[in-house]
Every structure is written in C-alpha cells, then in structure tokens.
Amino acid sequence: MEKLHFRLTLSFPRRLINRCGNDRGFTLIELMLVVIIIGALVAMVLPRMAGRSEQARVQAAQADISSNIATALKLYELDNGSFPSGEDGLNALLNQPGSARNWSGPYLEKKPLDPWGREYQYKKPGTHRPHDYDLYSLGKDGQVSADDVKNWE
C-alpha cells in the first residue's frame with residue numbers, strides 16, 4: 001500500500017509572519033480595554049452581591065428566632081413548666097437559673113448573637129405576645145426600627 005502524504009501550505013504575507021513572530025506583548029490599548037471590561041463587570045455585580053449579604057443576615061436572624069432559639073425555649077418550657085422569666089432571659093438556656101427545678105440544659109451550645117453581633121432581645125411576658133414571649137433582633141441599625149427581625153406579625 002502506498003502512503004499518501006498531504007502537505008498543507010498556507011501563504012501569508014511575509015510582514016504578517018514577521019509581526020506575529022516578534023510581537024510578544026500587549027499594547028496599552030488592549031490592556032486598557034481589559035481593565036475597562038473588568039471594571040464594568042464589577043460595577044454590575046458588586047451592588048447585587050452587597051444587597052444579598054444583608055438579605056442573608058436577615059434570613060439567618062429569622063431562622064434563629066423562629067426555629068433555633070424558639071426550639072430551645074420550648075424545650076425549656078417542657079422541662080420547667082414555663083418559659084424563662086424576663087430577668088433570667090436567654091441566659092436561662094445556657095445556665096440553670098434558681099427558679100428552674102427540672103432544668104436539663106444547656107439548651108443552646110453558646111450565647112445566641114444575631115448576625116450583626118448583638119444579643120437577641122427577649123421579653124417575658126411579651127408586649128406583642130403576652131401569653132408567651134417576644135423575641136427579636138434590633139437589626140442592622142441596632143435600634144428599635146422597621147428593620148427589626150421579630151417573632152410576631
């Protein structure tokens with residue numbers, strides 16, 4: 001059998017071949033275009049990411065209030081017949097208060113802090129829920145305002 005050999009030859013202008021062989025860097029214009037494109041992408045993505053982090057903090061606080069701390073408070077109530085007093089607060093979930101005879105805690109592993117690094121607010125009896133307790137976070141601003149995350153409404 002005969003082997004067939006094909007030879008592909010491309011003809012480029014000689015100045016193009018020489019230019020491609022000698023140019024090994026980028027021009028200033030090319031670098032500036034890349035920087036501008038990256039800057040435009042960052043300008044579009046960054047505001048969306050910043051809003052998401054605050055939204056994630058609010059959702060984490062809501063999960064703590066409606067699930068994590070609420071479960072610990074319900075377990076405390078099952079063991080002791082009532083929720084911790086307003087004076088004992090959430091510390092009763094970590095350390096046995098004098099009024100808790102059947103305390104089987106700790107009900108939480110560590111002191112509950114909201115995503116902004118502040119303690120959750122606990123009131124018993126609650127102002128908004130007088131039959132049990134009010135539990136809330138003061139939110140981003142650390143003051144009673146519209147951004148609070150709470151266990152009522």
* Return the total of residues in the range 122-132 being at pLDDT 90 or above, touching a strand residue (DSSP E or B) at 6+ places or on another chain (Cβ under 6 Å) and either of a type in the set (D, E, K, R) or assigned to a loop (DSSP other than H, G, I, E, B) (or both). => 1
* Does the range 7-27 include one or more residues that are aromatic (F, W, Y) and at pLDDT below 55? -> yes
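Looking for something modelled with pLDDT of 90 or more, acidic (D, E), surrounded by fewer than 17 Cβ atoms within 10 Å (Cβ to Cβ) and assigned to a loop (DSSP other than H, G, I, E, B) - is there at least one such residue anywhere in the range 108-121?
Step one: of the range 108-121, the residues modelled with pLDDT of 90 or more are 108-121.
Now restrict to residues that are acidic (D, E): 109, 114, 119.
With surrounded by fewer than 17 Cβ atoms within 10 Å (Cβ to Cβ) added as a condition, the list becomes 109, 119.
Keeping just the survivors that are assigned to a loop (DSSP other than H, G, I, E, B) gives 109.
Yes.
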* Structure fact -> Log entry, pairs with first residue in the range 70-92 being on the phi > 0 side of the Ramachandran plot, second being modelled with pLDDT of 90 or more and hydroxyl-bearing (S, T, Y), beta carbons closer than 9 Å, six or more apart or on different chains, reads G89/Y122
* Asked: If you scan the range 39-67, which residues turn out to be among the polar types (S, T, N, Q) and surrounded by fewer than 14 Cβ atoms within 10 Å (Cβ to Cβ)?
  -> S53, Q55, Q59, S67
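From Q96, Q143, grab the single residue that is surrounded by fewer than 18 Cβ atoms within 10 Å (Cβ to Cβ), touching a Phe, Trp or Tyr at 6+ places or on another chain (Cβ under 9 Å) and either of a type in the set (V, I, T) or part of a loop (DSSP other than H, G, I, E, B) (or both). Working first, answer last.
Working: Q143 fails: touching a Phe, Trp or Tyr at 6+ places or on another chain (Cβ under 9 Å).
One residue alone meets the criteria, Q96.
The values are calculated or read from the model by the stated rules, or taken from the named source; none is laboratory data. Keep in mind the model is a prediction, meaning the values are calculated, not measured. Using ideal geometry, Cβ is built from the backbone for each residue, glycine included, and neighbour counts are taken over all protein chains shown.
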